1. Could you name the lysines in cross-link range of LYS68, using Cα to Cα under 22 Å and dropping any fewer than eight places away on the same chain?
2. Rounded if a/c is under 1.5, else prolate if a/b beats b/c, else oblate: with a ≥ b ≥ c from the C-alpha gyration tensor eigenvalues square-rooted, which is the chain?
3. Suppose a student asked you for the relative contact order of region 5-82, using Cα pairs under 8 Å spaced at least 6 residues apart; what percent would you report?
4. Which order do peptides 34-41, 62-69 fall in by mean Cβ count within 10 Å, highest first?
Amino acid sequence: MANHKSALKRIRSNEAKRLRNKVQHKTVRNAVSRFRALDVKEEAAAMLPKLVAMLDKLAKNNIIHKNKASNLKSKLTRQVATL
């Protein structure tokens, strides 16, 4: 167990950040799965910018890797184009 006050605070803050990151990551995963289930091009085209912004925010905050965000954006954009 940690002995210093700063180490104890770091443990608490790391746990809070871990839970926040987990919720944000799960929210985006759910949004991506809902997006992939769409079959109407207008709905998908309207939802794509919001989803791209969410992915960019996760990549900016190092919750997901920037290349993973880029790959997802590419695949989702291609899906909209093929509808």
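Where a number appears in this text, it was derived from the coordinates with a stated rule and is not lab data. Quantities reported herein were computed from a predicted structural model and do not represent experimental measurements. Don't worry about glycine lacking a Cβ; one is built from the backbone with ideal geometry, like all the others, and counts go over all protein chains shown.
1. By straight Cα distance, LYS68 reaches LYS17, LYS22, LYS26, LYS50, LYS57, LYS60.
2. Values: a/c = 4.40, a/b = 3.12, b/c = 1.41.
Taking the square roots of the gyration eigenvalues as a ≥ b ≥ c, the chain is prolate.
3. Worked out over region 5-82, it gives 29 percent.
4. 62-69, 34-41
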